[in-house]
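Below: the structure, in structure tokens.
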Amino acid sequence: MQTEAKRPSHGENQKEWKKVIDSKQAEEYILKRLYGVLPMKDFLKVMKALSDPNRVKIIKILQHKSMCVCEMREALQVSQPSVSKNLKILEDAGLVDFKKDGLWVDYHLTDGSKNPYVASLLGNLRHWLEDEQQVKEIAAKIPHIHREEVCKK
């Protein structure tokens, strides 16, 4: 029977506790890298990131093309800080990444190679919600949004 390690009291050997922490981190690393097994926290982070309608809309927008914050703001009709906050949450979950292009910061969907939960959900989201009216309306706007016009406002 395996017992859980207890944190040593102030007077006990702190090096032993450090070994326990390092071994848990090493185990997580091995599981993640060799077997593709991720802790539940990684799954929950992705699910929480997708729990907001505006974040799901951002994912659906980025399925069409890479965009800057101003373009997404225009498509969603929400404030720039709201778009930026939602992009940060999506980025932290591994769903979205960005690339600087001169003055522009273009956001795009990741390929999901670092997280199988991300890969699976992004793959499924390509087919989900396509008939949703809000998604259709936003998708119809995308070809008419040009950063040179909307980023000047």
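The values are calculated or read from the model by the stated rules, or taken from the named source; none is laboratory data. Nothing here was measured: the structure is a model prediction, and the numbers come from that model. In this analysis, Cβ positions are derived from the backbone assuming ideal geometry, glycine residues included, and neighbour counts consider all displayed protein chains.
Suppose the filter is more than 15 Å from the chain's Cα centre (by Cα) and among the small types (G, A, S); does G94 pass it? It is false that G94 is more than 15 Å from the chain's Cα centre (by Cα) and among the small types (G, A, S).
Considering the range 34-46, and only residues there that are in a helix (DSSP H, G or I) and surrounded by 10 or more Cβ atoms within 10 Å (Cβ to Cβ), the residue that is modelled with the lowest pLDDT turns out to be D42.
Working carefully through the options S79, S66, S84, find the one that is modelled with pLDDT of 65 or more and surrounded by fewer than 11 Cβ atoms within 10 Å (Cβ to Cβ).
Numbers: S66 fails: surrounded by fewer than 11 Cβ atoms within 10 Å (Cβ to Cβ); S84 fails: surrounded by fewer than 11 Cβ atoms within 10 Å (Cβ to Cβ).
Every option except S79 fails the conditions.
If a residue must be more than 11 Å from the chain's Cα centre (by Cα), in a loop (DSSP other than H, G, I, E, B) and of a type outside the set (S, T, N, Q), how many such residues does the range 47-69 contain? Residues that pass the stated criteria total 4.
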